[in-house]
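What follows is a set of notes on a single structure, which appears directly below.
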Amino acid sequence: MNILFINPPNVPFSDKNILIEPIDIISLATYIATFGHKVSIIDMDTEQLQADDLEHVFDNKKPEVIVLTLDYHIPLHTTGTLIEINLIINIAAQHNIKTVLGGKTATYFPELVFEQCNLLDIIITFHMETALSQLLKEKTWDTPVLSTINGIIFRSANKIIKNGLQEYTDINDLPMPDRRLIDIDHYIEVRSILSSRGCNGSCSYCPTPSFWGNWQGKSATLVADEIEYLVKTTGSKKIIFLDDNATVDNQRIIDICNLIIEKKLDVSLGCLAAVNTVNTDLLKKMYEAGFRWIHYGLESGSERILQSIKKHSTRDMILKTVQQSKEFGFRTRSSWILDLPDTEESDLEATIELISRLETDEIRIHYLALRAGSTIHRELVCDRFPSQYIHNSFPTVITAKVTRKYLQNRIDHLTQDLSKRNYVIIKSSADMSNFFPTKANSKILSFIPLKYGIGW
């Protein structure tokens with residue numbers, strides 16, 4: 001079959017200066033290609049294409065099936081993207097192209113997705129690989145055939161049919177993502193890898209554990225081989241682990257580091273990690289292997305809020321880990337959510353104080369994103385999903401004890417304080433475009449998505 005994978009456009013389009021390759025879609029397309037299918041990828045976000053622009057794409061590529069994802073692994077899209085996805089599906093239907101959609105929104109709210117996208121053929125839930133490969137083996141997608149495939153949801157006679165769950169994919173069985181499927185020059189210079197799926201945490205604002213299931217990591221050998229390929233074949237100088245938490249299994253990371261050292265790979269590495277899954281020995285080995293940047297999602301400086309969101313960290317743990325990371329020489333990014341449910345003035349003050357005290361190289365201020373599949377989403381949204389964005393520019397949840405006026409006042413105070421300490425303040429894409437850091441010690445306070453690879 002001729003399969004076209006589509007990364008739908010963000011609404012509005014993402015800033016092209018921050019876009020990294022859609023490694024989750026590349027990985028999925030690479031896997032499907034191993035079954036003999038012809039695969040191609042269109043990244044509508046980086047190419048700034050809208051649904052109408054696909055008319056000529058469909059005419060030229062003549063796909064038999066298009067596969068779209070929304071909030072699959074990399075959560076950049078707004079819920080408004082679903083409107084654009086519906087337009088894409090409608091145009092595909094006019095060309096007699098079958099349509100498949102995966103990701104968290106479709107998994108958790110299939111009825112609402114089918115209501116909004118009434119010409120959509122198939123939803124694939126959770127891990128997409130096995131169900132999609134089985135689906136594409138079939139020449140006809142009638143009810144008797146579709147009823148035999150676990151992990152899909154479809155409509156028959158105006159009824160929504162939910163099949164049983166599909167077994168989760170063993171990511172060690174997946175081939176190395178074929179980045180030749182995209183034009184790598186359309187993205188920033190930092191390459192990305194996914195070395196694991198899931199997380200061992202249970203943070204109430206995050207859908208990762210419920211969506212991906214138990215954490216699983218690729219073998220050290222597979223990860224080191226992919227890094228070697230990127231360095232020697234594509235000339236990569238910077239690579240980021242986009243795992244939700246790369247350091248769940250310390251020994252695995254140490255093994256990866258030892259292989260990087262053994263292979264003498266000259267590359268700078270970054271990762272996302274949690275303060276409760278790193279230690280001194282791990283940080284030492286990571287730095288020796290070339291890791292230079294760590295992003296810690298800290299979220300709050302209030303012990304009460306950290307417990308309420310099930311963060312499994314404490315202020316002392318945060319202070320110790322960040323300080324150790326800085327002493328080893330890592331460039332550190334911390335991210336914070338200022339409007340978590342039940343936040344009181346004292347909680348906000350504790351967070352502002354800790355942000356100021358830690359003085360990480362990059363500080364990313366967030367407002368809460370209500371993400372389908374998370375505990376907070378279930379509690380606050382129930383059976384409807386709101387317009388939401390992983391990088392909201394305004395508060396989502398403000399309790400009666402914290403007004404927006406008070407919150408803004410504390411943000412202004414923090415901004416003024418950090419500005420005096422030579423932090424660059426980034427509040428808009430224009431600010432980012434005007435900022436070209438040339439020194440590794442450039443300090444940034446940002447209220448918008450930050451580019452990877454700054455200063456390391």
Does Ile305 satisfy being without any contact (Cβ under 8 Å) to a residue 60 or more places away in the chain and buried (at least 19 other Cβ atoms within 10 Å of the Cβ)? yes
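Could you tell me whether segment 340-357 includes any residue that is assigned to a helix (DSSP H, G or I), at pLDDT 95 or above, of a type in the set (S, T, N, Q) and buried (at least 17 other Cβ atoms within 10 Å of the Cβ)? Outline the logic, then answer.
Quick first cut of segment 340-357, residues assigned to a helix (DSSP H, G or I) only: 345-357.
Then drop every residue that is not at pLDDT 95 or above, which leaves 345-357.
Imposing the further condition that a residue be of a type in the set (S, T, N, Q) reduces the set to 346, 351, 356.
Restricting the remaining residues to those that are buried (at least 17 other Cβ atoms within 10 Å of the Cβ) gives 351.
Checked segment 340-357: at least one residue is assigned to a helix (DSSP H, G or I), at pLDDT 95 or above, of a type in the set (S, T, N, Q) and buried (at least 17 other Cβ atoms within 10 Å of the Cβ).
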For Arg292, state whether it is part of a helix (DSSP H, G or I) and among the basic types (Lys, Arg). no
If we ask which residues in segment 185-209 are surrounded by 14 or more Cβ atoms within 10 Å (Cβ to Cβ) and over 17 Å from the mean Cα position of the chain (by Cα), their number turns out to be 1
Taking segment 5-30 and keeping only residues that are touching a Phe, Trp or Tyr at 6+ places or on another chain (Cβ under 8 Å), among the aliphatic types (A, V, I, L, M) and not in a loop (DSSP other than H, G, I, E, B), one is left with Ile25, Leu28, Ala29
Looking only at segment 146-174, which residues are closer than 20 Å to His37 by Cα, without any contact (Cβ under 8 Å) to a residue 24 or more places away in the chain and surrounded by 14 or more Cβ atoms within 10 Å (Cβ to Cβ)? Ile149
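The values are calculated or read from the model by the stated rules, or taken from the named source; none is laboratory data. These figures come from a predicted structure and were not determined experimentally. Methodologically, a virtual Cβ is constructed for each residue, glycine included, from the backbone with ideal geometry; neighbour enumeration extends over all protein chains shown.
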